[in-house]
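Everything on this sheet refers to the single structure shown next.
The values are calculated or read from the model by the stated rules, or taken from the named source; none is laboratory data. Since we're looking at a predicted model, the values are computed, not measured. Cβ atoms come from the backbone with ideal geometry, glycine included; neighbour counts cover every protein chain shown. The accessibility values were calculated without ligands, DNA or RNA, using every heavy atom of the protein model including side chains. Shrake-Rupley method; radii C 1.70, N 1.55, O 1.52, S 1.80 Å.
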Amino acid sequence: MNFTLTENQLMIQAAAREFAQNEIAPIAAQFDASGDFPKDTIAKAGELGFMGVEVPEEYGGAGLDSICYVLMMEEIAYADAAHSTIVSVNNTLYNNGILQFGTQEQKRRYVTPVASGKALGCYGLTEPQSGSDAANMRTRAVLSADGSHYLLNGKKSWITSGPVADYMVMFAVTRPEAGSKGITAFILDCNQPGFIRGKVEPKLGIRASATCEIEFVDYKIPAANRLGEEGNGFTIAMTILDQGRVGIAAQANGIARAAYDAALSYSKERRAFGAPIGSFQMTQAKIADMKTRLSASRLLMLQAAWAKQEAKASGARTTTEGSMAKLYASETAMFNAHAALQIHGGMGYSKEMPLERYFRDAKITEIYEGTSEIQRMVIARQETGLR
Ligand code: CAA
């Protein structure tokens, strides 16, 4: 087995590292404190091709593979998780969803501006009463008598980039009696009447990524904006999430590596009882566990990215690979952020160092795009065939 990255993969990793270290890292603490949306750096990410990594060049993207995507995500998250959240939703939940299920016209019209970084995409699945139980949504789309449009009413919550997005991939009930088979996917223009952006959520971490509720009041969706077949929306939502979760694994690994690097260097510099604290066995055990978990986690991420890339040709499901990578990486991010903060002691608790930000940011990776409990359920269902 050959673990060597290709030239393209090394190139995007280096480009993302340079951009993230030079442009994002210096402003990360400031945007975390203010909670402002980092529009200038996100625009620059777009110019560099990071907002449409896997999108073919004919639709405005960089035309690279899924491994390139996770390597880029990891570097952005290493500098700042909030930036990587915005990048992730745009790339996988929005672009890749339309790429996989959209018509040529939908790809041309709705992927091109977003993949090239001129516009921003978001993903509308969660509702106030349905987070983990995604099929329990209530937002309703009713087809008009002449079949020209759907009338949309309802509410979505926790929409990443909702306050600033231009377009949304969104799921609504079209046949309430049919359960998960009565859900349909649509592409919405966020700047049309009836698309109402609610209050921005005050969050524990990833504070510079804007999150809000969206209400739909008699929003008219042209019938041409249906994504895939009527009733196929839940399968589309789940397939998109299978792939999105690989990106969250990359984000979590970026946070885990940032925490590890900080802990490693501090444990060699900081002295107590006449010796560097890294010479004490209790610190050494933390360093060893952090390093081992991080390495295992990156291998699961690369395996899932490879499977995702192969599936583009074969159409195979990569549910288990995506869930395992996300589950392990998010718990590693939390583990490493916790251990790194502990190694830093009081300095780790201070806002003058980034450790407390890693700790707050890591937590979301165990929650969004499916909680760790949901990932375990998904993996076990796939393995046992039981529900
Ligand atoms: N791929 C393809 N089809 C799938 C699928 C997948 N991964 N998962 C389920 N399906 C199909 C099933 O095969 C089934 O079809 P059949 O009836 O024909 O067999 C149908 O969908 C219904 O599946 P289930 O019966 O398994 O559905 P369920 O109601 O029991 O729930 C679940 C399944 C896995 C719990 C799902 O609801 C889930 O993943 N929940 C978590 C939701 C989530 O991740 N939300 C994140 C929101 S987005 C976000 O966080 C974005 C952000 O801001 C960053």
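Points worth noting:
- Maximal additional length on extending the residue 295-residue 349 stretch stands at 16.8 nm, based on 0.36 nm per residue less the C-alpha distance.
- The mean sequence distance of close C-alpha pairs (under 8 Å, at least 6 residues apart), as a share of the length of the chain, puts its relative contact order at 16 percent.
- Loop-located trypsin sites (Lys or Arg not before Pro) in region 129-189, at most 15 other Cβ atoms within 10 Å (DSSP): 138
- Rounded to 0.05, the FRET efficiency of the residue 223 and residue 380 pair, given R0 = 51 Å and the Cβ-Cβ distance, is 0.85.
- Restricting region 309-352 to trypsin sites (Lys or Arg not before Pro) that sit in a DSSP loop and have at most 12 other Cβ atoms within 10 Å of their own Cβ leaves 351.
- The smallest convex shape that holds all Cα atoms of the chain, its convex hull, gives 142 Å³ per residue.
- Cα-projected label distance for residue 34 with residue 279, points at 7 Å along beta-carbon direction, nm: 4.5
- In Hz, Karplus ³J(HN,Hα) per residue of region 246-261 (6.51, -1.76, 1.60; θ = phi - 60°; x = Gly, Pro): 5, x, 5, 4, 5, 4, 4, 5, x, 5, 4, 6, 4, 5, 5, 4
- Eigenvalues of the alpha-carbon gyration tensor of region 7-120, scaled by 5 and square-rooted, set the equivalent ellipsoid semi-axes at 24, 16, 10 angstrom, largest first.
- Here region 54-75 is scanned for amide nitrogen atoms under 11 Å from the site 7 Å beyond the Cα of residue 18 along Cα-to-Cβ, giving none.
- Inter-label distance for residue 303 and residue 373, nm, one decimal - labels placed 7 Å from Cα along Cα-to-Cβ: 2.6
- Rounded to 10°, Cα long-axis angle of helix 281-314 versus longest principal axis of the chain: 30
- Nearest-0.05 FRET efficiency for residue 317 and residue 264, computed from C-beta distance (R0 45 Å): 0.75
- In region 194-274, the GluC sites (Glu not before Pro) that fall in loop regions by DSSP, at most 15 other Cβ within 10 Å: 229
- Sorting 314, 84, 295 by solvent-accessible area of protein heavy atoms yields 314, 295, 84, largest first, with a 1.4 Å probe.
- What the phi angles of region 158-168 give under the Karplus curve with 6.51, -1.76 and 1.60, with θ = phi - 60°, is a coupling list of 6, 8, 4, 6, x, x, 10, 5, 9, 9, 9 Hz, glycine and proline written as x.
- Furthest towards positive pole of dipole, 241, 64, 45, structure part the chain, Cβ charges: 241
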